[in-house]
Amino acid sequence: MGITAGICILVENKPEIKGDRYEAIYSFYVGDYGHMTVQGHYLTYQDTCLAITGGSGIFVVVTDQVKLRQIVFPFKIFYTFYLRGIGELPAELLCEPIEPHPAVEAVPAAKACEPHARITNFTN
């Protein structure tokens, strides 16, 4: 639905459980709707919640957290947003999620950023 970009710094490697602990600071960019910034510990071996620390656009007053569920490290993460301080989200941002699975892929139109398969003013 958008772009995620930021910095993850490796804090601890846990070879006995084949996982890592990172300190993460990054943003979710959601086209014309704005962005949200998050920060906190990101664990590759269990679900993690990062604090929403700021935002812009319709997310300017949003607080709470985003839950990360690792699907395929490091490229596939299932995000669940818990948002406080915002009214009803635009219909374009609401959808019924599919069950997370390593084989799930975006449809070709979304991969190509075709206008009907992306949010308003999403840029690749």
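The values are calculated or read from the model by the stated rules, or taken from the named source; none is laboratory data. The model shown is predicted, which means the values in this text are computed figures rather than measured ones. Counting neighbours? That spans all protein chains shown, and the Cβs are built from the backbone with ideal geometry, glycine included.
Brief remarks follow.
- Subset of the stretch 77-117 that is small (Gly, Ala, Ser) and farther than 20 Å from residue 51 by Cα - its residue that is modelled with the lowest pLDDT: 117
- Across the stretch 57-72, not a single residue is classified as under 16 Å from the mean Cα position of the chain (by Cα), closer than 13 Å to residue 2 by Cα and of a type outside the set (D, E, K, R).
- Taking the stretch 41-92 as the range and being acidic (Asp, Glu) and in contact with a Leu (Cβ under 8 Å, 6 or more places away or on another chain) as the test, the residues that pass are 47, 64.
Residue-wise test of (1) in contact with a Ser or Thr (Cβ under 7 Å, 6 or more places away or on another chain); (2) at pLDDT below 95; (3) acidic (Asp, Glu).
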residue: 15; (1), (2), (3): no, no, no
residue: 23; (1), (2), (3): no, no, yes
residue: 26; (1), (2), (3): yes, yes, no
residue: 31; (1), (2), (3): yes, yes, no
residue: 34; (1), (2), (3): yes, yes, no
residue: 40; (1), (2), (3): no, no, no
residue: 55; (1), (2), (3): yes, no, no
